[in-house]
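Participant: Below are the structure tokens for one structure; questions will follow.
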Amino acid sequence: MSWRCCVSGCGSEGVPLFRIPKFNESLKTALKEKKKERRIVWLQKLNVKECDLNNNTRVCSRHFASGRPCKNSFDNSHPDWAPSLHVRNSVFDRVVQRNISRHSRRLERESRTLEKNSYMAYLL
């Protein structure tokens, strides 16, 4: 079977496709709630209704800044926590690009802080 991206107007072919996240009722409460929240955000951004989904519904890599969704369900500050590129309009895409650079700067700051703290611990 040939899968296609579910985003309206996306004609991408030959690129990686990803399933919309699912959540399982048997999961622990915090994880279940995060996965449920993530699924709702995905559906809102893609403008897809729950009833329109099936096991073959996919989103292509074109809609993620890094080319794939974030693997960590708890890191909702990550720009690829949900599809964000080419899903609504160009103004929205500019906001997403700002969020991507903001996220990168945050990761750099955290890395520098970790290095500084480990260096200070080494000196003591």
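Participant: Quick one: go through the stretch 1-39 and flag any residue whose amide nitrogen is under 11 Å from the point 7 Å out along the Cα-to-Cβ line of Asn56.
Facilitator: Under 11 Å, as judged by backbone N against the label point of Asn56, lie 1-4 of the stretch 1-39.
Participant: List the lysines whose alpha-carbon lies under 22 Å from that of Lys49, not counting same-chain residues fewer than 8 positions away?
Facilitator: List returned: Lys22, Lys32, Lys34, Lys35, Lys36.
Participant: Still on this model: Would you please name the trypsin sites (Lys or Arg not before Pro) within the stretch 1-94 that are DSSP coil residues with at most 10 other C-beta atoms within 10 Å of their C-beta?
Facilitator: Lys28, Lys49, Lys71
Participant: Net charge near Glu108: determine it from the other residues with C-beta under 14 Å of the C-beta of Glu108, scoring Lys and Arg +1 and Asp and Glu -1.
Facilitator: Local net charge: +4.
Participant: Assign unit charges at the C-beta atoms only (+1 for Lys and Arg, -1 for Asp and Glu), then state the dipole size of the chain relative to its Cα centre in Debye, rounded to the nearest 20.
Facilitator: That gives a dipole near 120 debye.
Participant: Taking only Cα atoms and a 10 Å spring cutoff, compute GNM fluctuations for the chain and point out the largest among Pro16, Pro69, Pro79.
Facilitator: Pro16
Participant: Now, a different point. Give the residue list of GluC sites (Glu not before Pro) in the stretch 4-42 that are DSSP loop and have at most 10 other beta-carbon atoms within 10 angstrom.
Facilitator: Within the stretch 4-42, the qualifying GluC sites (Glu not before Pro) (loop, at most 10 other Cβ atoms within 10 Å) are Glu13, Glu25.
Participant: Please find, in a Gaussian network model of the chain (springs between Cα atoms separated by less than 10 Å), the residue of Ala82, Ala65, Ala30 whose mean-square fluctuation is greatest.
Facilitator: Per the Cα network of the chain with a 10 Å cutoff, Ala30 tops the list.
Participant: Still on this model: Ignoring everything except DSSP H segments at least 4 long, calculate the 222 nm mean residue ellipticity for the chain; use -39,500 (n - 2.57) per segment, divide by total residues, nearest 500.
Facilitator: Result for the chain, helices only: -15000 deg cm²/dmol.
Participant: Mind listing the lone cysteines of the chain, meaning no other Cys beta-carbon sits under 4.7 Å from theirs?
Facilitator: Lacking a cysteine Cβ partner under 4.7 Å: Cys6, Cys51, Cys70.
Participant: Follow-up question, since we're still on this one. Relative to the first principal axis of the alpha-carbon coordinates of the chain, what is the inclination of helix 90-123, with its axis defined by its Cα atoms, in degrees from 0 to 90 and to the nearest 10?
Facilitator: For helix 90-123, the angle is close to 30 degrees.
Participant: Could you tell me which of Trp3, Gly14, Cys51 has its Cα farthest along the dipole of the chain towards the positive end, charges placed at Cβ (Lys, Arg +1; Asp, Glu -1), taken about the Cα centre?
Facilitator: Cys51
Here, each number is a calculation from the coordinates, and none is a lab measurement. Please read these numbers as outputs of a predicted model, since none were measured by experiment. Methodologically, a virtual Cβ is constructed for each residue, glycine included, from the backbone with ideal geometry; neighbour enumeration extends over all protein chains shown.
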